[in-house]
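Scroll down for the structure; my scribbles are underneath it.
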Protein chains: 2
Amino acid sequence: MTAKEIPYKIYLEENEMPKAWYNVRADMVNKPAPLIHPGTHQPMTLEELSPVFCEELCKQELNDTDPYIEIPEEIRDFYKMYRPSPLIRAYCLEEKLGTPAKIYYKFEGNNTSGSHKLNSAIAQAYYAKQQGLKGVTTETGAGQWGTALSMACSYFDLDCKVFMVKVSYEQKPFRREVMRTYGAEVTPSPSTTTEIGKKILEEHPGTTGSLGCAISEAVEVATSTPGYRYVLGSVLNQVLLHQSIIGLETKAALDKYGIVPDMVIGCAGGGSNLGGLISPFMGEKIRGEADYRIIAVEPMSCPSFTRGRYAYDFCDTGKVCPLAKMYTLGSGFIPAPNHAGGLRYHGMSPVLSQLYDDGLMEAISVPQTEVFAAAEEFARVEGILPAPESSHAIKVALDEAKKCIETGEEKTIVFGLTGTGYFDMVAYEKFHNGTMDDYIPTDEELEKYFETLPPVE
Amino acid sequence: MTAKEIPYKIYLEENEMPKAWYNVRADMVNKPAPLIHPGTHQPMTLEELSPVFCEELCKQELNDTDPYIEIPEEIRDFYKMYRPSPLIRAYCLEEKLGTPAKIYYKFEGNNTSGSHKLNSAIAQAYYAKQQGLKGVTTETGAGQWGTALSMACSYFDLDCKVFMVKVSYEQKPFRREVMRTYGAEVTPSPSTTTEIGKKILEEHPGTTGSLGCAISEAVEVATSTPGYRYVLGSVLNQVLLHQSIIGLETKAALDKYGIVPDMVIGCAGGGSNLGGLISPFMGEKIRGEADYRIIAVEPMSCPSFTRGRYAYDFCDTGKVCPLAKMYTLGSGFIPAPNHAGGLRYHGMSPVLSQLYDDGLMEAISVPQTEVFAAAEEFARVEGILPAPESSHAIKVALDEAKKCIETGEEKTIVFGLTGTGYFDMVAYEKFHNGTMDDYIPTDEELEKYFETLPPVE
């Protein structure tokens, strides 16, 4: 098939959209380690998870046997409002680079949440509604997840209580207003509305908050308010399951034109996008049906895969959540204040951690100034202004495409463009003004955080 | 055809995309009045326009005979990166409203400029490049047009000098950074880089600028710098021509499913979106092949159509540009400071003005608090957070759909959703906080501005 027979944007028809999510755990030889109870260190049961999460979502969290889980029709109808997302052939970028490589990207930014987060938010809101709940609670940092959840809750007429890290609440008023537009109640964290919030404020007066603290407040409200549950936008198995829609659509779009990628590249924070994008490709790889290079890209300032430990750790800094076995920098780890590129979670999805440990995927860490340079290079040719998170994948995709110029290889590169950077202009401004620099933690610093790992054998 | 046979989003195939723009002037019985020279009051000639605009664009500006003008392949290739834009069936909104009406909207917000402005920006940049120019100059208020032009210029490696109204430059730093990401030089206006800027600063020290002043600075730089021309994002005939891509795609998508709209609704500021959206429908109406209600929606605080005069007026407050015959509030008119909803231009496209004067379209003015309420109602169901400008059309579309509940009529409503509101959260915040109010100019106030109309018979 010659190049121009493939359109600039491959859209699936509505009837070609996936009707089931793909659960890569079912195909994994070494299953991801189970969540364990922080006190007993025993695997969490359905009963223990149910006070925190919706029942159906607990089942999905524990299900490592069913390869396909049907997407309820109501969720598919919602998906149809903003999906299928386009798989875009980067003809303009290829020409500009002068590379023989063929570059495709799956663009998840064409919805108001600005990212792929909506794919799981709508699923989690749906199951909460199904269970007859009144509402859900969550935390948000930069606000992408909070926005997605607000949209999903407004669609299903659910209450949505968002604890937003105080520094972001104050510095990102626009994100806050988007959430309010969708009817969410947004509280700066730490707050005086929870016991744990009050305690933290007493101990650290004037603190501007952290994601870990916001999680603790959201979980407290969910478990102490009748009719509420807590929801999370990444890391969990259920989230990766919902995000498999990204990979399934990508695979279907490629198959439609007989395209076989050499490599699939995604950015990795908690793993929601990467896990979703790669899952069907990983499934084929595990089953020995195909081989792909699968590459996770993370920031050098928060290098969970490339410099972390594979160990049981707390998911939150408040240490109220179950423990997960994952590549982690220690739950006390916080990226340097100059880090503007997102992907700042200390750990990594247990599913991806196991796949990485099994040697089924690679990981590369990149410095943020190079990430923003790649973002700008991409934006100027392909039009789309990418989120800093997504730009990690762009950076490595560009590097690989440039290698092909030297080698002459016509490699097919697929990467995930998870979202847009419209609410990240402060970071872009730093980059333009030359006040952005790169921070790489020293081995000594990392060692200090590893000491916060819990003593689980 | 039953409802669900029509998908949520109708996308044209790449090979179904229009290959020519449609020039509604060719079909108009009463042609729009020509631009006239501010000194001689004689129609502007190609020679007189050429120092300001690119040659090919001058020809397009004056061409009221050719119904179709081919879209150059390079522009079509660029269009393919973000077009065709979807025509969305608002199934969720219909269900929520409980209306028998069928609602469709053409969504132009899925590109980084966030609006339809890119459709003309890329065309104007292309012709500048073709002519061998070094760059272009323009003005921008809120920044939508400036962003679109920056993207277009970066694609064609053209210099882009944007004069941004000082108050916006300071209050909307994010828009400024987006433009800088695309390599544009953004100068707050009035500036000391132009003669007229210096003069204005001397006369009005501390002024925060106006669109009229920014236009004057941009024109001065374009006409005094070798290799530069001035470009504009609305009002002009050439802009409406380029924007006809919106209407042509809409018509093609409707035709594909045999859908005939009862009404076509668009917001109207300078007229670029409305003119583009309605042009093929208007063409059929003029030729007697079909009948549609065509509705322009404008803010009550800037009511050019509904309360303006149809007269020759200055296009800019600096009075350096040619005069245009249009519905106008007078070039001195500035909407009240509390006006947050965009669409603040004092005049209206000469093409649309003539069509309105001929009774071929209606105009409705709406108060801004109702516009934001409609925006929020729409966002919560359809997901997309609309630009305040676009929300004027939403407001009237919702009103019409609600009328159908009472009458039981199954009307087919098509409206233009020109863009997203991600950079308008300050306005949404005012709405949420209840600090937004409605301003309607008194007759006396309008009379005062009408006195600024030039004495042209």
Residues losing 10 Å² or more accessible surface upon assembly, the stretch A:166-198, compared with the chain by itself, 1.4 Å: A:Phe174, A:Arg176, A:Glu177, A:Val178, A:Arg180, A:Thr181, A:Tyr182, A:Gly183
Note on the protein assembly as shown: alpha-carbon gyration tensor, axes a ≥ b ≥ c; rule is a/c under 1.5 for rounded, else prolate if a/b larger than b/c, else oblate; result prolate
Buried accessible surface, B vs A, both sides, probe 1.4 Å, in Å² to 100, equals 4300 Å²
Are there residues in the stretch B:1-50 whose accessible area shrinks by at least 30 Å² when all protein chains are included rather than the chain by itself, and which are they (probe 1.4 Å, ligands and nucleic acids not counted)? B:Tyr8, B:Lys9, B:Tyr11, B:Glu14
Accessible area per residue in Å² at 1.4 Å probe, computed on the stretch A:122-230: 36 Å²
Could you work out the equivalent-ellipsoid semi-axes for the stretch B:281-361, taking the square root of 5 times each eigenvalue of the Cα gyration tensor, largest first, in whole Å? 26, 16, 9
Taking B:Ala26 in one copy and the same position in all the others, each labelled 7 Å out along Cα→Cβ, what are the pairwise distances from the first, in nm, shortest first? 5.7
Computed magnitude of the charge dipole of the stretch A:122-230 (debye, nearest 20; Cβ of K, R +1, Cβ of D, E -1): 240 debye
Other chains near A:109-122: what is the mean number of their Cβ atoms within 10 Å of each residue's Cβ? 2
For A:Gly206, place a label point 7 Å out from Cα along the Cα→Cβ vector, do the same in each other copy, and report the separations in nm, one decimal, smallest first. 3.5
For A:Glu444, place a label point 7 Å from Cα along the Cα-to-Cβ direction in every copy; what are the distances to the other copies, in nm, shortest first? 7.6
Residues of B:381-394, mean number of Cβ from any other protein chain within 10 Å of their own Cβ, rounded to a whole number? 3
Give me the lysines in straight-line cross-link reach of B:Lys129: C-alpha distance below 25 Å, same-chain residues under 8 apart excluded. A:Lys4, A:Lys96, B:Lys19, B:Lys59, B:Lys80, B:Lys117, B:Lys161
So for chain B, taking the charge dipole from beta-carbon charges (+1 Lys/Arg, -1 Asp/Glu), which of B:Pro67, B:Val366, B:Gly227 sits furthest toward the positive end? B:Gly227
How far is helix A:237-256 tilted, in degrees, relative to the longest principal axis of the Cα atoms in chain A, given as a value from 0 to 90 rounded to the nearest 10? 10 degrees
Read phi for every residue in the stretch B:57-68 and hand back ³J(HN,Hα) as whole Hz from Karplus 6.51 cos²θ - 1.76 cosθ + 1.60, θ = phi - 60°, with x for Gly and Pro. 6, 4, 4, 5, 4, 8, 7, 10, 10, 7, x, 10
Hydrodynamic radius (Kirkwood) for chain B, which is based on Cα pairs only, to one decimal in Å: 22.0 Å
Expressed as an acute angle from 0 to 90° and rounded to the nearest 10, what is the orientation of the C-alpha long axis of helix A:388-407 relative to the principal long axis of chain A? 20 degrees
Accessible area of the protein assembly as shown with a 1.4 Å probe: how many percent of it is carbon plus sulfur? 50 percent
Karplus-derived 3J(HN,Hα), 6.51/-1.76/1.60, for each residue of the stretch B:432-440, Hz, glycine and proline x: 5, 7, x, 9, 9, 10, 9, 10, 10
Shape category assigned to the stretch A:122-230 from the gyration tensor of Cα positions, a/c cut at 1.5: oblate
If each DSSP helix of 4+ residues adds -39,500 (n - 2.57) and the sum is divided by the residues in chain A, what number results at 222 nm, nearest 500 deg cm²/dmol? -12500 deg cm²/dmol
Measure nothing fancy, just the Cα-based angle from helix A:272-286's long axis to the longest principal axis of chain A, in degrees from 0 to 90, nearest 10. 60 degrees
By the Cα gyration tensor axes a ≥ b ≥ c (a/c under 1.5 gives rounded; else a/b larger than b/c gives prolate, otherwise oblate), the shape of the stretch A:21-102 is prolate
Expressed per residue, the solvent accessible area of the stretch B:259-398 in Å² (1.4 Å probe) is about 24 Å²
Which residues of the stretch B:416-452 end up with at least 10 Å² less accessible area in the presence of all protein chains than when their chain stands alone, using a 1.4 Å probe? B:Tyr422, B:Phe423, B:Met425, B:Val426, B:Glu429, B:His432, B:Asn433
For the stretch B:37-179, average projected area of the Cα convex hull in nm²: 12.8 nm²
Which GluC sites (Glu not before Pro) from the stretch B:4-88 combine a DSSP loop assignment with at most 11 other Cβ atoms within 10 Å? B:Glu13
Using just the Cα positions, wrap the stretch B:183-331 in a convex hull and report its mean projected area in square nanometres, one decimal place. 12.0 nm²
Long-range Cα-Cα pairs in the stretch A:262-400 (distance over 28 Å), rounded percent: 18 percent
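The values are calculated or read from the model by the stated rules, or taken from the named source; none is laboratory data. Bear in mind that the values here come from a model prediction, so they are computed numbers and not experimental data. Ideal geometry is used to build each Cβ from the backbone, glycine not excepted, and the neighbour counts take in all protein chains shown. Just so you know, the surface numbers come from the protein's heavy atoms only, side chains and all, with ligands and any DNA or RNA stripped out. Shrake-Rupley method; radii C 1.70, N 1.55, O 1.52, S 1.80 Å.
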